[in-house]
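A short worksheet on the structure shown next.
The values are calculated or read from the model by the stated rules, or taken from the named source; none is laboratory data. Here the structure is a predicted model, which means the values were calculated and not measured. Cβ coordinates were reconstructed from backbone atoms using ideal geometry, including for glycine residues, and neighbour counts include every protein chain displayed.
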Amino acid sequence: MNIRVLGAHNCERKNFKMVSLLVDDVLAIDAGALTSSLSLEEQRKIKAVLLTHQHYDHVRDIPALAMSLFLGGATTRICSIPAALDVLARNLLNNEIYPDFRHKPEPKPTVSFTVIEPNKAEAIEGYTILAVPVSHSVPAVGYQVTDADGKVMFYAGDAGPGLADCWRQVSPQLLIIEVTASDEYIEWAAGAGHLTPSLLKQELASFQKVKGYLPQVVAIHMNPSLEAEITVEIAAVAKTLDCSITLAYEGMEISL
Ligand SMILES: [Zn+2]
Ligand SMILES: [Zn+2]
């Protein structure tokens, strides 16, 4: 399994893009930086896009991708929980802000929606996908992705403290998990459904307790303005837990 980090941050500015992953060129997860990072040929290879939740930094390239594929004569599937698909249909693909590419062009529309049921493994484009609810300010899931070779990664999406139930359901070799802010903002983060390095430390300790091991960890969704502090604090967490935690960056590739 090859994972490309297209966007590693929670907001966009020069050299920083919003969160997006691409698995083996065919499976995208979250859509904060799909179109700006990929050529038309690369976009055409995306067979499915998994969305963790409805927030703008995770869905905003769906209309742009749909237009690009429409003009390029290709199609894709958008897969998520009902809440996120409803928000997308109501607010972005609504024939006001942009065309509803679920019905355009006929008879073979550019995008189709696939409703994902949490806690139930399903086959999507050759992968076994398990959506697991996480605590955030709106309904949200993380995705465990298992490939045909048995390689397993779990991307938690936007997730705040309290992931023990989630850990019981997943067994990843690689964990991609958000660290939005530095510890200075720990109270805000806990209330908003996000993590800081100290909160991540608690969640990893809980993972170890539940699973008996720690996976390779990649932190994502950083606020670019806080990244220097986050880097220092994450290094201390990795040392304390004696595990590998690296910060994601745009263009990072991870092989499992
Ligand atoms: Zn976010
Ligand atoms: Zn969010």
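What the table below lists for this structure:
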item	result
Options D57, D30; residue that is under 19 Å from R102 (Cα atoms) and within 16 Å of ligand 2 (Cβ to nearest atom)	D30
Filter result (within 16 Å of ligand 1 (Cβ to nearest atom) and part of a loop (DSSP other than H, G, I, E, B)) within the stretch 137-159	S137, V138, P139, A156, G157, D158, A159
Members of the stretch 126-136 found to be away from ligand 1 (no atom under 16 Å from the Cβ) and assigned to a loop (DSSP other than H, G, I, E, B), listed by number	G126
Residue pairs meeting the criteria (Cβ under 7 Å; at least 6 apart or on separate chains; first of a type in the set (V, I, T), in the stretch 200-225; second assigned to a loop (DSSP other than H, G, I, E, B))	V217/C243; V217/S244; V218/A248; I220/A8; I220/V19; I220/A248
First in the stretch 23-46 and closer than 17 Å to G72 by Cβ and within 16 Å of ligand 1 (Cβ to nearest atom), second anywhere and modelled with pLDDT of 95 or more and part of a loop (DSSP other than H, G, I, E, B), Cβ under 8 Å, 6 or more apart	A28/I46; A31/L51; A31/R60; L34/I46
Selected residue [under 30 Å from G72 (Cα atoms), among the small types (G, A, S) and at pLDDT 95 or above] from A140, A123, A192	A123
Wholly enclosed strands (runs of 3 or more DSSP E) of the stretch 160-248 bearing at least 3 residues within 16 Å of ligand 1 (Cβ to nearest atom) and in contact with a Cys (Cβ under 7 Å, 6 or more places away or on another chain)	none
